[in-house]
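K.L.:
First the structure, then my questions, so here it is.
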């Protein structure tokens, strides 16, 4: 086995992992959005438990699953912050995947800086941003990345615009814009945490 064969093997492995992550993110986006939209139903279910312990466990499991999946969506979307990966030859990724990741991170920042589930406006913004993020990811993935093997006049016109590797002139600016949005939101989150930590705790008498 030559060095070229080894390099080709690792490149294939990298592409396989990244394509698998891209496909899994479709399911994760659907689950995260569904769990957030289903919050009123989950709240009603807690009132049907005869034991407080059962209601508490139900709510804890729901919140933990919902938020862990949200974190997984953002972590899986890190591949969209690397320009060389986004425009890699043979790797068809949705062109707005980075913007979708920024929406997911914005939801995490809202959860951090508001009163959580007790904040109605914060919950509405979370659902809106998750719906926007899911649209920005699933739409280009299904209409672009999954149609690279099809032919037709309409497909040939729409598909290259939605696939990052086939439209690098737009994909690269979107990568940098998405990374900048996440960076700004990250600074906001850090400043908020520092201010919260710097507040003087009330003394217990």
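K.L.:
Of the numbered conditions (1) without any contact (Cβ under 8 Å) to a residue 40 or more places away in the chain; (2) surrounded by 13 or more Cβ atoms within 10 Å (Cβ to Cβ); (3) not in a helix (DSSP H, G or I), residue 45 satisfies every one except a single condition; which is it?
P.N.:
(3)
Let's see how each residue does on (1) farther than 22 Å from residue 123 by Cβ; (2) modelled with pLDDT of 90 or more; (3) within 16 Å of the chain's Cα centre (by Cα):
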residue: 22; (1), (2), (3): yes, no, yes
residue: 25; (1), (2), (3): yes, yes, yes
residue: 32; (1), (2), (3): no, yes, yes
residue: 40; (1), (2), (3): no, no, no
residue: 53; (1), (2), (3): yes, no, no
residue: 64; (1), (2), (3): no, yes, no
residue: 68; (1), (2), (3): no, yes, yes
residue: 97; (1), (2), (3): yes, yes, yes
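K.L.:
Kindly indicate which of 25, 91, 99, 33 is assigned to a loop (DSSP other than H, G, I, E, B), in contact (Cβ under 8 Å) with a residue 60 or more places away in the chain, in contact with a helix residue (DSSP H, G or I) (Cβ under 8 Å, 6 or more places away or on another chain) and buried (at least 17 other Cβ atoms within 10 Å of the Cβ).
P.N.:
Details: 25 fails: assigned to a loop (DSSP other than H, G, I, E, B); 99 fails: assigned to a loop (DSSP other than H, G, I, E, B); 33 fails: assigned to a loop (DSSP other than H, G, I, E, B).
Answer to the check: 91.
The values are calculated or read from the model by the stated rules, or taken from the named source; none is laboratory data. On a predicted model such as this, the values are computed, not experimentally measured, just so you know. In this analysis, Cβ positions are derived from the backbone assuming ideal geometry, glycine residues included, and neighbour counts consider all displayed protein chains.
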